[in-house]
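Q: Can you keep this structure in mind? I'll have questions shortly.
The values are calculated or read from the model by the stated rules, or taken from the named source; none is laboratory data. What you see is a predicted model; the values in this text were computed from it and never measured. Here the Cβ positions follow ideal geometry from the backbone for every residue, glycine too, while neighbour counts run over all protein chains shown. The area values use the complete protein model at the heavy-atom level, side chains included, leaving out ligands, DNA and RNA. Shrake-Rupley method; radii C 1.70, N 1.55, O 1.52, S 1.80 Å.
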Amino acid sequence: MKRGELVNSACPIDRSLSEVGDTWTLQILRDAMHGVTRFTDFSKHIGLATNVLSARLQKLVAVGIFEIRESDLGNSHEYVLTEKGRDFHTVLAALRQWGQKHLFDEDEPMNRAIDARTGQPPRPMTLTAEDGRELTPDDMLIVQSRAADPIESAVPIETPRRHRH
C-alpha cells in the first residue's frame, strides 16, 4: 500500500500513520504535550529545518490536531492541541514505556515521565479485556464494521492468526 493510500484504509493504524506517522511529527506532538506552542520553540527544541517544521505544523492544523490561536504576545500565533491532539497523549505514553523497557542499557541516562502530583511513574500500560484479563497479540482478532455499527455486527477479517483459531 502506498503512503497516500493510508488515509482511505479500513485499518485505524494505517489512518493514524497517515496523520502522525513520521519522526518529526511525533517529536512535535511530544513537545506540544509538554507545553511548547510557538514555532520558534518547536524549532529550537527539535532542531528541524523551518520549511519541514512549517509543513508538519500546517498538516497537523489541517487534520485537526492543532488549532492556531493568537499569542498573548500579540505579534505571533501559537499551535494549541485540540481534543483530538490531546487524545494522542496515551499513544506517546505507550511509545515512551515501550522505549524505556526495550531501548536503554541500565547505565544510560533516560528521560522519564512521572506523575506531577505523586512523583511516581505511571503504571505500565496494557490492553485489558472487559473481564480484566491482559490481552496479548495472540488474544486479538481483527473484525470490520461501519464505525457507527455495534461490534456484534462486525465481520472477521482474514489474517494468518484467524486461521489458527
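Q: What label, among (i) -0.41, -0.85, -1.12; (ii) -0.43, -0.99, -1.26; (iii) -0.49, -0.78, -0.96, belongs to log10 I(q)/I(0) by the Debye sum over Cα atoms at q = 0.09, 0.14, 0.17 Å⁻¹ computed from the structure on display?
A: (ii)
Q: Moving on to the next point. Using 7 Å Cα-to-Cβ label points, what is the residue 5/residue 77 separation (nm, one decimal)?
A: The answer from the label model is 3.5 nm.
Q: Tell me the per residue accessible area of segment 1-126 using a 1.4 Å probe; a whole number in Å² is fine.
A: 71
Q: Now, a different point. Over the chain, what percent of the accessible surface lies on carbon and sulfur atoms, probe 1.4 Å?
A: Roughly 53 percent of what the probe reaches on the chain is carbon or sulfur.
Q: Evaluate E = 1/(1 + (r/R0)^6) for residue 34 and residue 107, where r is the Cβ-Cβ distance and R0 equals 41 Å; express this FRET efficiency to the nearest 0.05.
A: About 0.95, to the nearest 0.05.
Q: Further question: Enumerate by residue number the trypsin sites (Lys or Arg not before Pro) in segment 59-122 meeting two conditions: DSSP loop (anything except H, G, I, E, B), and at most 12 other Cβ atoms within 10 Å of the site's Cβ.
A: Here the trypsin sites (Lys or Arg not before Pro) that fit, given the DSSP loop and packing criteria, are 112, 117.
Q: Using helices alone, I'd like the mean residue ellipticity at 222 nm for the chain: each DSSP H run of four-plus residues gives -39500 (n - 2.57), total over residue count, nearest 500.
A: Using -39500 (n - 2.57) per qualifying helix, the result is -11000 deg cm²/dmol.
Q: Would you calculate the separation in nanometres between label points at residue 143 and residue 87, each defined as 7 Å from the Cα along the Cα-to-beta-carbon direction?
A: Result for the modelled spin labels: 2.1 nm.
Q: Loop-only GluC sites (Glu not before Pro) in segment 64-132, please: DSSP not H, G, I, E or B, and at most 15 other Cβ atoms within 10 Å.
A: 106, 130
Q: Report the residue, chosen from 154, 49, 32, that carries the largest GNM mean-square fluctuation when the chain is represented by alpha-carbon nodes joined by springs under 10 Å.
A: Between 154, 49, 32, it is 154 that shows the largest mean-square fluctuation.
Q: Sorted by accessible area (1.4 Å probe), largest first, how do 108, 19, 134 line up?
A: Most to least solvent-accessible, the answer reads 134, 108, 19.
Q: Residues in segment 70-100, backbone N under 18 Å from the label point at residue 16 (7 Å along the Cα-to-beta-carbon vector): list them, ranges by number please.
A: Backbone N within reach: 82-100.
Q: For residue 136, what accessible surface area do you get with a 1.4 Å probe? Give it in Å², rounded to 10.
A: 60
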